[in-house]
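The values are calculated or read from the model by the stated rules, or taken from the named source; none is laboratory data. Here the structure is a predicted model, which is why all the values come from computation and not from measurement. With ideal geometry, Cβ positions are generated from the backbone for all residues, glycine too; neighbour counts draw on all protein chains shown.
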Amino acid sequence: MEKLPAFFFRYLSSRMLASIVTNAFEIYFLWELVIVYKSVFFAGLIPTIALASELLIAIPFGHMIDKYNSTKLSLLSALSLLFGISLLLIGQTLFLVYLATVFATIGSITKGDTLSATIKKHLSSKQFTAANQNLQGAGYLSTLIGTGLGGISIIFLQRYFVGIILALCIVSVVLSYPMPEEPNREESGMPGSGIVSSLGFIKKLGGFLAVGFVLNGLFVSLEVYSSGLFDLVLKASPIFYTLFIAFLSIGGIIGAVLAGKLQKYVDTGYRLSALIILYSPALLFLALSRSPAGDILDSFSIGLLLPIINIPLQVRVMKFVPRNIYGKVMAFLKVFLGGATPAMAGVFSFVSIFLPVQSILLYIGIIAFPVGGMALLVLPKFVAMTSETSQNQSVKEES
């Protein structure tokens, strides 16, 4: 395992604090708006506004990443988050909460984009696996901490909540101070930095994107149906539902730790496809099980699988995409793969009008199997293509 420099952990800590703040913010105000305005609709606009802000900023910010110092943009992201949360000091009216959502989301999301670009620009390709392990593990951990902070604040810390997350924002800003960065430069054999070159590389990732879009869409079913599964089908206490969500993140943290050790065993197209096929029995178990404890363990196993599959694929994409178009390409991937979430959430919500939850999960589990078969056709070609690029990159770094 390649040792990572101290500046990486500084920027990672800043990113983690930003994620904790936005997770806590969403949990807290989703509850508070329902209590104050007696409206699920007003509360539901928070994730909608957050998603719209993320999709609108992704492409232009990707262009900025290719053009400017990514660590200076990281500081700008932290300041956007700080400004958004500072608006709550004026008041917590509906308008100010929504406006804070816009700036906080932009700050937190672009913080992740700048960190990914910093890894690409400042670390060697041999360090990408370790960096992405830490990135994924920190993501799951910050979700857990942020959710816990938001929930605890609803009960015990209402008077201090804004002050707490504002303090975390300030620390995130302090940790974001920038460092020098070499500008992107044209190299022989490398594509230009324009949109056409970016689209050319995106086209090469077409099969990989198709598999990712469908898998992301199927994974949304856990968020849409898990509460209904525990309440309507299992008649279980809300504590089991909470544990179900928590163990998904706990599995992800452990999976991120194991991913580096397992990568040399799973980093082939066929073995990664075989792991994707395991989603089918995992989802089928949720449909057929009548044990809350069993479903929680199943959630843990799904969370464990995610980083073991994702990290090798993320590292390959990171090595494959040239530095001078990295921001644009990754922005497109974010918009395309992220689009599966609202698209499939709408489909799943509509289908639930006509079918019971367990039947839908059964069908989703069955659908997941041929998706693994599609991965068997796509991922070996993707791995072969990116392996050639990785070898060329290694030779360049050694010379």
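Among the residues of segment 235-253, those that are over 23 Å from Val317 (Cβ atoms), among the aliphatic types (A, V, I, L, M) and in a helix (DSSP H, G or I) comprise Ile239, Leu243, Ile245, Ala246, Leu248, Ile250. Close contacts from segment 307-327, counting a first residue that is assigned by TED's automatic domain parsing to the domain that holds Ile119 and a second that is in a helix (DSSP H, G or I) and buried (at least 23 other Cβ atoms within 10 Å of the Cβ), with Cβ to Cβ under 9 Å and a gap of 6+ residues or different chains, come to none at all.
If you go through segment 88-105 one residue at a time, do you hit one that is closer than 25 Å to Tyr68 by Cβ, among the β-branched types (Val, Ile, Thr) and either outside the structural domain of Ala24 (by TED's automatic domain parsing) or buried (at least 23 other Cβ atoms within 10 Å of the Cβ) (or both)? Checking segment 88-105: at least one residue is closer than 25 Å to Tyr68 by Cβ, among the β-branched types (Val, Ile, Thr) and either outside the structural domain of Ala24 (by TED's automatic domain parsing) or buried (at least 23 other Cβ atoms within 10 Å of the Cβ) (or both). Across segment 118-143, the qualifying residues are those that are β-branched (Val, Ile, Thr) and in contact with a Ser or Thr (Cβ under 7 Å, 6 or more places away or on another chain), and the one among them that is nearest to Pro307 (Cα to Cα) is Thr143. The selection criterion, being buried (at least 20 other Cβ atoms within 10 Å of the Cβ) and under 23 Å from Ile254 (Cα atoms), holds for Leu135.
Considering (1) of a type outside the set (S, T, N, Q); (2) over 30 Å from Ile325 (Cβ atoms); (3) at pLDDT below 80, the lone condition that Phe213 does not fulfil carries the number (2). Residues considered: Phe95, Phe128. Of these, the only one that is aromatic (Phe, Trp, Tyr) and within 21 Å of Thr48 (Cα to Cα) is Phe95.
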